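These notes are about the structure you will find just below.
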Amino acid sequence: MEVLERTWEVVSGLGNGVLGRFERGITALFGSANARFLRRLQPKVEAINALEEKYQQLSDDALRDKTAEFRRRLDAGETLDDLLVEAFAVAREAGRRYLGMRHYDVQLMGGMILHEGNIAEMITGEGKTLVATLPAYLNALPGKGVHVVTVNDYLARRDMEWMGPLYTGLGLTVGAIQSGMDSAERQAAYACDITYGTNNEFGFDYLRDNMRIAARGDDRYPKREQQAQGPLNFAIIDEVDNILIDEARTPLIISGPARDDVTKYAKADKIARQLREGAHFEVKEKEHTAHLTDEGVREAERLAGVESFYTAGNMQWPHLIDNALKAHHLYKRDVNYVVQDGRVVIVDEFTGRLMEGRQWSDGLHQAVEAKEGVQVKEENQTLATITLQNFFKLYKKICGMTGTALTEAGEFWKIYKLDVVGVPPNKPLQRLEHPDVIYRTEREKYIAIAEEIERLNRHTTIECKNGEYFVGKLKSEDQGAVTIELDESRKIETISRDRIAKIQPPGRPILVGTVSIEKSERLSNLLSKRGIKHEVLNAKHHKREAEIVAQAGRLAAVTIATNMAGRGTDIILGGNPETMAWAQLQDKYPTRLEVPKEEWAQLVSHIERSEKMKEEGQQVKSLGG
């Protein structure tokens, strides 16, 4: 047997070596598939660049008139592919003119990849939001609607307002779907050429439309009875791996009230509290289940005062008690849900955001309500349902962007017939990635995090050329030496200048990511005990999200966040003047797009100057970001 195993290892090694050399040789000769794809786009990039100076000479009206010209040419028989070069050049000029942002060549490639119905993998910070404007503008020209899909309401609203001036400058309309909108507001947003919204909102609107009796624009029926969404033409999906892979099988469910005796949930909860784990029930966290044992069934029957759970009228009890056990042992407050104003509100496990108006199905939500002692509402019955995977397959064309797609390239092709193309960064990546640090206990980990924040926030770090470093409060500094008071022993250390490789002053902004509300608040308590000023961004503070994110890049800022500040959230070093400007104007104007261009520019410029944000941004960069 050992001889056979060694023989197989040798053969496998030879095979891998030969095949590996063959594959490398083919790649060297013809280039990788990704490189060949990008080379195919290069002539179009050069053609767009050739039009840049010409379009810069156009007046605002002449640039806007290009949209009407493109639409006439489509009516005359030209295709979107025929218009791509000119349309992208127009959109690039609109970005430069109305946003102060010019699309880089690699962003033009990203836009072409999306237009062709593929997935563009672009690393964080490469401007995916701006890239989406190129295919959105081009595919909006036929007037059939474009949906730009984001992972949360905040990003949908932000991106619509941020990119909106580009679209409106070219004569297109743009809107955003937000949770809580009524039917008329949704119809108005969908009537726009380009509509931003979340995957859930688009999916639920599809379900609601299929429960309505009239098509959009059918004047025989009142507006509230007409469909809002219209045809599913083209979708650009941001963070596409999260939506089409991670959440693909998540069902979207519209439910209605069912006749229900809510007192049974409180009775089941009372029984579950008296049962002992191991003897009466088993909890399997991996399978996310909790079930009564045979002994537990007998004990639960005794507590419920019934002879048997398996006779007519009593067969619901095992399910009710299993749900009560799950509520107590698998669903945790401030992790899976929060209690607000006497209501149980679900926390989305993917986005960290509150899911207002949503309920767990099959009586589980009522079990959690009984556990928390709040009013138990009637269980709902399912009226309509669809998974995200099946919903997005209904679009005529979809594409997506993310920073992490190549690892799931096979799955994207198998399920959605989408190719993944890696887009190179505009500039070489300078980010340093340190190895993970593992601690024995969670308590030790959080104490270490708090100590590291305190060190970076308050103390100077001196790195020496031989690898050692000193951390403490700077006492004095001159041409020949630096004197520092060390944290550990309170002794004074004088370090010769010729030994020093780098001096890191305090003040670097710090962002700490946590996985739940509970853990973010635990770390917050540790920092508060140390007197460290900080902000907490979780589902409980979602109304202050824009304000907290706007200041997270400022000097010495410390921000603790759950995954609600994860994908797509931009933190600008030195602070975000535009967010601060909108905070001052939002009571005066309904949306940012309504603010006059001159008033907006003046206020943003004033805030930048008064807050010294550009200078602060440079200072933050000098500290290492």
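The numbers here are math on the coordinates, done by the rules we state, and not lab data. It should be emphasised that the depicted structure is a prediction, and the values quoted were computed from it without experimental measurement. Positions of Cβ are generated from backbone atoms using ideal geometry, with glycine treated the same way; all protein chains shown enter the neighbour counts.
Of the GluC sites (Glu not before Pro) found in segment 258-299, those in coil by DSSP whose Cβ has at most 13 other Cβ atoms within 10 Å are Glu285, Glu287. How large is log10 of I(q)/I(0) for segment 512-594 at q = 0.11, 0.25 Å⁻¹ when the intensity is taken from the Debye formula with one equal scatterer per alpha-carbon? For the requested q values the scattering log ratios are -0.33, -1.23. Summarising the label geometry, the points placed 7 Å from Cα in the beta-carbon direction at Arg499 and Tyr589 lie 5.8 nm from one another.
Of the peptides 525-536, 588-599, the ranking by mean beta-carbon count within 10 Å, highest at the top, reads 525-536, 588-599.
Once you divide the Cα radius of gyration of segment 433-518 by 2.2 N^0.38 Å, the number left is 1.28.
Computed about the Cα centre, the dipole magnitude for the chain is approximately 680 debye when only Lys and Arg (+1) and Asp and Glu (-1) carry charge, each at its Cβ.
With the cut-off at 30 Å, tell me which of the pairs Lys427/Lys614; Lys445/Lys502; Lys144/Lys543; Lys371/Lys543 have Cα atoms farther apart than that. From Lys427/Lys614; Lys445/Lys502; Lys144/Lys543; Lys371/Lys543, over 30 Å: Lys144/Lys543.
Loop-located chymotrypsin sites (Phe, Trp or Tyr not before Pro) in segment 87-142 (DSSP state other than H, G, I, E, B) with a sparse environment of at most 11 neighbouring Cβ atoms within 10 Å are absent. Ordering of 450-456, 433-439 by packing is 450-456, 433-439, highest average first (other Cβ atoms within 10 Å, averaged per residue). Largest first, the three principal axis extents of the alpha carbons in the chain are 87, 84, 77 Å in whole numbers. Taking the centroid of alpha carbons for each part, segment 479-526 and segment 538-613 are 28 Å apart.
Taken over segment 259-378, the percentage of Cα pairs per 5 Å bin, counting from 0 up to the bin with the maximum distance, is 2, 12, 22, 23, 19, 12, 7, 3, 1, 0.
Projecting the Cα positions of Met160, Gly575, Val45 onto the charge dipole of the chain (unit charges on Cβ atoms of Lys, Arg, Asp and Glu, taken about the Cα centre) puts Gly575 furthest along the positive direction. Evaluating 6.51 cos²θ - 1.76 cosθ + 1.60 at θ = phi - 60° for every residue in segment 528-535, the Karplus couplings come out as 4, 5, 8, x, 8, 6, 7, 10 Hz, glycine and proline recorded as x.
Considering the dipole of the chain built from charges on the beta carbon (Lys and Arg +1, Asp and Glu -1) around the Cα centre, which of Tyr446, Ser183, Trp360 is farthest to its positive end? It is Tyr446. Once both labels are positioned 7 Å from their Cα atoms along Cα-to-Cβ, the gap between Asp105 and Glu485 label points is 5.6 nm.
Rounded to the nearest 20, the Cβ-based charge dipole of segment 46-174 about its Cα centre (Lys and Arg +1, Asp and Glu -1) stands at 360 debye. When the alpha carbon gyration tensor of segment 19-174 is reduced to an equivalent ellipsoid, the three semi-axes, largest first, read 30, 19, 15 Å.
Among the listed pairs Lys417/Lys519; Lys66/Lys128; Lys465/Lys519, those with a Cα-Cα distance over 31 Å are Lys417/Lys519; Lys465/Lys519. Along its three principal directions, the equivalent ellipsoid of segment 460-504 from the Cα gyration tensor extends over semi-axes of 15, 12, 8 Å, largest first. With the simple model of a label 7 Å out from the Cα in the direction of the Cβ, Lys533 to Glu287 spans 5.3 nm. Principal axis extents of the Cα atoms in segment 445-582, from largest to smallest and rounded to whole angstrom, are 51, 32, 24. Along segment 71-78 the Karplus relation, 6.51 cos²θ - 1.76 cosθ + 1.60 evaluated at θ = phi - 60°, assigns HN-Hα couplings of 5, 5, 5, 5, 4, 7, x, 6 Hz to successive residues, with x for each Gly and Pro. For Asp61 and Lys417, the difference between the fully extended length at 0.36 nm per residue and the C-alpha to C-alpha distance is 124.1 nm.
Taking the helices alone, the chain has a mean residue ellipticity at 222 nm of -13500 deg cm²/dmol, built from -39,500 (n - 2.57) per DSSP H run of at least 4 residues and averaged over all its residues. Principal semi-axes of the equivalent ellipsoid, √(5λ) from the alpha carbon gyration tensor of segment 99-225, are 28, 15, 14 Å from largest down. Short-range pairs are left out: with C-alpha atoms under 8 Å and at least six residues apart, the relative contact order of the chain is 12 percent.
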